[in-house]
1. At a 10 Å Cβ-Cβ cut-off, how would you order PHE106, PHE85, PHE25, PHE43, fewest neighbours first?
2. Please list, by residue number, every one of the trypsin sites (Lys or Arg not before Pro) in region 16-99 that is coil in DSSP and has at most 12 other beta-carbon atoms within 10 Å.
3. Pick the calculated percent of Cα pairs over 23 Å apart for this structure from (1) 44; (2) 32; (3) 37?
4. Label points 7 Å out from Cα along the Cβ direction at SER79 and ARG12: separation in nm?
5. Between exposed GluC sites (Glu not before Pro) in the chain, where DSSP calls loop and at most 11 other Cβ atoms lie within 10 Å, what's the longest gap?
6. Using Cα centres only, tell me the gap between region 39-117 and region 5-31 in whole Å.
7. Counting Lys and Arg as +1 and Asp and Glu as -1, each charge on the Cβ, what is the dipole of the chain about the Cα centre in debye, to the nearest 20?
8. Sum up the charges of everything whose Cβ sits under 14 Å from the Cβ of PHE106, counting Lys and Arg as +1 and Asp and Glu as -1, but leave PHE106 out.
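Read-outs throughout are calculated quantities, based only on the coordinates presented, and are distinct from any laboratory measurement. All figures in this text were calculated on a predicted structure; none of them were measured in a lab. Here Cβ is always computed from backbone atoms with ideal geometry, including for glycine, and neighbour counts include all displayed protein chains.
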Amino acid sequence: MAEETELCTLLRAMQPVLQEEIYVFARTPWVDGGSTLHPIGLFREKEGLTLILPQSQADASGLSYTTVFAMITLSVHSSLEAVGFLAAITTHLASHNISVNPVSAFYHDHLFVPVAKAQTAMALLHGLSGDA
């Protein structure tokens, strides 16, 4: 699978997919993230460990979070060196009052948007893809 760096190609080929699970960004002082948890992402900061995980796991473990998110996966294999892709997307969503927490992984970018705005975000992404 070839990595894509060209902005117009990335926007046209992004193919957003709304995942079914509801996710949260939970915080914990645990160094290992908890042996019974299976986060899809984590980040260590001096204040503690942030886990990105299904809401059901956070609730079952009593972890604290403030907002619930839908995850939109951009199916195009974007290069980690692509310039402007996430900037174009986050700017477009922000212009419609939608916050987004992007996470880049090796193959794809993932957008965490408030659950209540997930369908609107999907429509805007499809529109942006069609305009490219």
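1. Values: PHE106 9, PHE85 23, PHE25 20, PHE43 12.
Least to most surrounded, the residues fall as PHE106, PHE43, PHE25, PHE85.
2. On the way: sites: ARG27, ARG44, LYS46; in loops: LYS46.
Here the sparse-neighbourhood loop sites are LYS46.
3. So the structure-derived entry is (3).
4. 1.7 nm
5. Working: sites that count: GLU47, GLU81.
Counting only loop sites that pass the neighbour cut-off, the longest clear stretch is 82-132.
6. The distance from the Cα centre of region 39-117 to that of region 5-31 comes to 5 Å.
7. Using Cβ point charges on Lys, Arg, Asp and Glu, the chain gives about 280 debye.
8. -4
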